[in-house]
Structures are given as C-alpha cells and as structure tokens.
1. Quick one: in the stretch 466-485, of everything that is open to solvent by less than 10 Å² (accessible area, probe 1.4 Å) and more than 15 Å from E450 (Cα to Cα), which residue is nearest to the chain's Cα centre (by Cα)?
2. Among what's in the stretch 177-234 and is within 21 Å of the chain's Cα centre (by Cα) and open to solvent by 60 Å² or more (accessible area, probe 1.4 Å), pick the residue that is nearest to N55 (Cα to Cα).
3. Can you tell me which residue within the stretch 531-561, out of those that are among the charged types (D, E, K, R) and within 13 Å of I587 (Cβ to Cβ), is least open to solvent (accessible area, probe 1.4 Å)?
4. Which pairs have Cβ atoms under 8 Å, sit 6 or more apart or on different chains, and link a residue in the stretch 481-500 that is more than 20 Å from D531 (Cα to Cα) to one that is crowded, with 16+ Cβ neighbours inside 10 Å?
5. Determine, yes or no, whether L595 is within 38 Å of the chain's Cα centre (by Cα), of a type in the set (A, V, I, L, M, F, W, C) and open to solvent by 70 Å² or more (accessible area, probe 1.4 Å).
6. (1) open to solvent by less than 40 Å² (accessible area, probe 1.4 Å); (2) under 25 Å from A351 (Cβ atoms): which one isn't true of W376, the others all being true?
7. Could you please let me know if I501 is closer than 26 Å to G433 by Cα, of a type in the set (V, I, T) and either surrounded by 14 or more Cβ atoms within 10 Å (Cβ to Cβ) or at pLDDT below 95 (or both)?
8. Tell me, yes or no, whether the stretch 271-281 has at least one residue that is in contact with a helix residue (DSSP H, G or I) (Cβ under 6 Å, 6 or more places away or on another chain), free of Cβ contacts under 8 Å to residues at least 60 places away in the same chain and not aliphatic (A, V, I, L, M).
Amino acid sequence: MNRITSRVITACWILLALLARPSVGQEDTKPVTQPTIELPNKESFHLFVLAGQSNMAGRGEVTDADRQPHDRVFMWTEDQQWVPAIDPMHFDKPKIAGVGPGRSFGISLANSHPDISIGLIPCAVGGSPIECWLPGGFHESTKTHPYDDAVKRIHAAAKHGTIKGILWHQGEGDSTPKRSQQYKTNLLDVLNGLRAECGSDPVVLIGQLGQFPERPWNDSRRRVNWAHRQVALELPHAAFVSSDGLTPKPDNTHFNRFSAVLFGYKYAEAYHNLQNAIPHDQTDAVVDAPDQLRDLLRRDEPLDSKAGQLFSSCHAWLTPQERLQAVKRIKEPEFWVAENIRGYPLAEQVALLSVTDFSNASDELAHRVADVSTMWAVTDVDATRQWLSGIESDYCRAHGLEAVLATIHERAPLASLDLLRRLNDQEAEDLIGYTEMPEFDLDAQTWAKEVAKFESDRLRSFLQSGSVVWKLATEDTDAALNYIAGLPQGQQNPRQGWQIIATWMRQKPSPPSLILEWIETRLPEHLRSDDHYQLIAQWWHPIDRASLVEWIDSLPPSKRRDEALQGFIGEESHADIDSAYQWASQIQNESDRRLVNARLLRRWLSDSPDIVGKLLPNADVTDEDRQDLERRLRGKR
C-alpha cells in the first residue's frame, strides 16, 4: 500500500533538482564575474536568514549549475554586499563550504512569485552547538560568535528589504546525552531572540536532522528531533520541514548536493503552506470574494463548486468562524478544503477537518488528515486517536493513524510498539486495510512474544499470520512451522503457509521443483491453498519458462491448474500478449477465463486496437466487458 506520511519527495522537486544537475565536479568550477545589480524596493525585497550548522551552510559538491545567477535571488556577502546568489554562499569554513538548501529555496520562491526578489542572509556556522547560538556565545573552532554575528548581519541587511523568514537547520552538535536534555529550551531562546532582532515577526522553518540508515539515530538525536517538532508547534508561524528521502555524502553526516537542493524546495513548500493562511494584498479577482461568500453563507445552503472557488481565493480574509461555516457546507471538500487549510494553527485545522464531509474521501484529504495527525501526536497521542475515530472515512482514518505511529516511532520505537499493543479492533482494521506499520528491530522470537500481547484480536491474528511467521521463517523454516502448530487450530491458515513459501523463494534460491516438493511433503494441508500456485507461477516464469510450461501441462484440469495458468499468463503478457491470450483459453473456470480475457484485451487495446477489433466479436468475455471494450475501441478510432 502507498504510504501517506508527513512529506514525501514530490516529482516537481525531483524535476527541479534534475534541471540543476551537476555537469562537472567542484574542482572544475570557474569563478563567475558578478554583474552590477539594482536592488528592488524594500517592500518587494523579501529577506531570509539562513542559520544553524554545516547542513544549512552547505557541504554538497559545487557545480557550474550552482554558480549560475538568478536575476531575482541575491545573497548578503561576508563583506556586507548584495550580489547574485551562487554557491557556496556561506563562508564559515571556506575550504569545505558547498551547496546547501538556501539557494534552491530562494529560486523556488522567486519562480513562484515573479513580483518579488529574494535576499538570502547566510549566517550558519558548521559544527556549532546550540550553546554557541545563545547571545554572547563563542564557537572556538571558527573563532566566531554565531548569534551576535548573525544579529549584526540581520540588522545591516534589513536596511534594504523586509525579513520574511528564518531557515534553521542545527542539532547534530547537540546529539549527546547532556546537551540534548537542554536543547529544546535553548532552541526556543535562540529562535525567539533572532525573531525579535528581525523586527518583522518572520516565519520560522525548522529542518529535520538527516535520516541516514548508515548512521542510525541514538536516543539523544531522537530527543533533538523531538524538540524540533515541539518548537515548530509552540512558536507561532513556524513549521517543521521533514528530511524524508534525503541522502548523505559518503561521510554520512552531510546532505549530498542533490539532497541539499531538494531540501531547499522542501523549505519553500513549508513556507508556502504557512503563507497560505496569511492575508496578502488583494487582487482584483479576490477583492469581492469574501463578501460574495458571506452572502452564500447567509442562505444556509450547501456550497457548490463555485462557492468552493470563492473559498479557495479568499479563505485567509475570513474569520475562523466563517471558515468553519464554509468548510462544513462545501460539497466537494477534496477539491476546496484539503489544500486550503494548510498553514492555519493546529487547533483550527482540527476544527475544520472535524466538520468536513468525508463521504468522498480522497488522497488530498488523507494527506491533510495525516499531516494534522503528525502534528497533534507530538503533544497528545490519545486525543489524536480519539479525533481520528470520529472521521467517517476509514481511508483517512488509516492514514492518520499511520502518521501517528510513524511520528511516535521516530521519537522512540518502543513507544510505537506500546501504541500498537493498545490499538482497538477498529483501528487495527483501518491499518490492515490501507497502510503500513512501523518496522521494529526485534528478533523473530521477541516479535512473536510482543504480538501475543496485543489487545486487538484482529491485529494480533493478522500479524501472527504475516510478519511473525515471515520473521521466523527467515531464520528457520522449522521454527515457523512449529510456531504455527502451537497456535489454536482456528488461527492457522494458508496465509501463514504462503509466508514460509515466499521466504523460501526469496532467501533460498532453489529449482522450482524443489519448492513444489517441499510444499507437497512438508507443508501441512491446511496451510496450503490453490492460490499459492498463481504466485509461484509468477515467480517461476522469469526463472525458467520452459520448465514452468512443462509443469502446467502436467497438471490435470483443476482450480490449481487454473491458478497456475493465471500466474503464467500475467507474466507472459508483459513479453507476448498474443501468446498470453492463447493460453487464457485453457482456463477451465468460466468466470476466471472471461476476466483474464477482458484484462488482456484492455491491455492490447492501447497498442493494437485493430487486433482487438477483430477478436472482440468472438471473444469469450462477459456482455458488460464486451460493451466496455466496444466503447473504448470507438474512442480509439
């Protein structure tokens, strides 16, 4: 199933990064002559402070693409001059400074808002713990005062523009048992201080530490990460920026160039989300929209798509109560609500979603529920679960609960295990139907004992038929069989048998004939199913098609043979759909045969409509499928 968790890398981020892909190595880059620039007026020159440690300063490889100026993105140099922004922007450690998230953040904003220019104020200092960022703090290795130096640069740069935001990425240097305990308090002091020095109540964007499998988080790093999430909720106009999907340099400490660029786009998305809830200058198209929508609200009728468009254009100019009334009556919330409540305070987003019509749940609504659940779980897991239970869409409930589990797992894996243990049957049903559960670094025997403690019969049974058997079979096939034999008879089923078969196929490459022999001689009858043979045929086909054909031909007409044929046909159709269609005629079960024929004809239709047109009059399909295929065929002609 697809996971919908807080922030995944989107296709447009990847596209933007590819457009700026490296062309040569850092050693090949050539200095760029800085052109004379003319600054915009102060109101349209939006400034952003870049603060924190080395991953904000940037350590990604610099390429020619990173040294190409954008005509509306500038940086404040070490000697306090505005010049076109190129990497490396920071000067904390000149010999190793590289690509960070700042430049791609600025370019993203400039491209989204052609009426403004962006000014970036580099202030990050590699290796600086949070104590150095307190007023008067000193960083020994760079001989700098990070906070005091940043304040001086902010005041000087602010004479030319308006400070709109602070981008923060820091905490690696505080991921120790002692420092992490005080980290949240210090971070609040630093960010509140910087915000006050900016004088314009800028937004604060807090980037997540790198999540690198080669360097797993310890408890101290988890504590720092949790402080980032908490502070992003406690500060007004602040957001947490996920590092999901980003990858490191070989040092497993710094983001590589590609990920640093992507991180900048993530910061930009977080900024846009916050800006969504802030009223800006009204355009001609928006100036009358609030009053038009208020007129519709006074009529006490459902709001159609036209009203939804009005809400989309003017929600920030409405009062919280007016937003609540509108959302409650919008008929197509998947279009007009999900994206338009981003950036509002958590409590208001909860209130708005609580009155949303979930009868036509969509990915957009599930995303919003998941995001809200992620934020709320930081402060109150049980309240989040209670709220989710009242959402009428099991699809959205499931993704909200998945987000809660993922967030708690990020803080402490054993805490998410405890939460799984306490889930009720309804929550279990939602999870099983749509989403994935966290992975736990437990051996098979320990995992089996933990699952046995789960309060939900549904979840316990599901895992005992799935991941428990899988883990055991990975270590020892006989141990898995013995475990199943020890369960009550009513809890033993073919799904458990398939877990063992699948583990064998994945981990013990063997001739298919040996696997079939093992099934017939070792796997108890009640753990077998004819359905298994469809999956075996799918696995067997690319390994040895000829022997698979020989085996299928040896089977007598039966459901088992039909299942094997369907697995074979599914794989065969990728290489030779004509052959697959001929094989489909051998399926004995009429319903299955017709279903497979219709599926093949639909696939064939995209490439060879003329062939489908010739086959369709005599095709062995249902009348309903024939009519659908005829309709599709007419659309191709």
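1. Pass one, the stretch 466-485, residues open to solvent by less than 10 Å² (accessible area, probe 1.4 Å): 466, 468-469, 472-473, 480, 484.
Among the residues that remain, those that are also more than 15 Å from E450 (Cα to Cα) are: 473, 480, 484.
Working: A473: 31, A480: 34, I484: 36 Å.
Result: A473.
2. Q211
3. Going through the stretch 531-561, the residues among the charged types (D, E, K, R) turn out to be 531, 544-545, 550, 553, 559-561.
If we keep only those that are within 13 Å of I587 (Cβ to Cβ) as well, we get 559-561.
On the way: K559: 108, R560: 68, R561: 27 Å².
Only one residue tops the list, namely R561.
4. Once the first residue is more than 20 Å from D531 (Cα to Cα) and sits in the stretch 481-500, its partners that are crowded, with 16+ Cβ neighbours inside 10 Å give Y483/A448; Y483/V468; Y483/V469; Y483/L472; A485/Q492; L487/Q464.
5. Working: within 38 Å of the chain's Cα centre (by Cα): yes; of a type in the set (A, V, I, L, M, F, W, C): yes; open to solvent by 70 Å² or more (accessible area, probe 1.4 Å): yes.
Taking the combined requirement at face value, the residue satisfies it.
6. Going through the list (1) open to solvent by less than 40 Å² (accessible area, probe 1.4 Å); (2) under 25 Å from A351 (Cβ atoms), W376 breaks only (1).
7. Numbers: closer than 26 Å to G433 by Cα: yes; of a type in the set (V, I, T): yes; either surrounded by 14 or more Cβ atoms within 10 Å (Cβ to Cβ) or at pLDDT below 95 (or both): yes.
For I501, the condition - closer than 26 Å to G433 by Cα, of a type in the set (V, I, T) and either surrounded by 14 or more Cβ atoms within 10 Å (Cβ to Cβ) or at pLDDT below 95 (or both) - is met.
8. Within the stretch 271-281 (the criterion being in contact with a helix residue (DSSP H, G or I) (Cβ under 6 Å, 6 or more places away or on another chain), free of Cβ contacts under 8 Å to residues at least 60 places away in the same chain and not aliphatic (A, V, I, L, M)), the answer is yes, since at least one residue qualifies.
The values are calculated or read from the model by the stated rules, or taken from the named source; none is laboratory data. Bear in mind the structure is a predicted one, so any value in this text is a computation, not a measurement. Every residue, glycine as well, gets a Cβ built from its backbone with ideal geometry; the counts of neighbours run over all protein chains shown. Areas reflect the complete protein model, heavy atoms only, side chains present, ligands, DNA and RNA absent. Shrake-Rupley method; radii C 1.70, N 1.55, O 1.52, S 1.80 Å.
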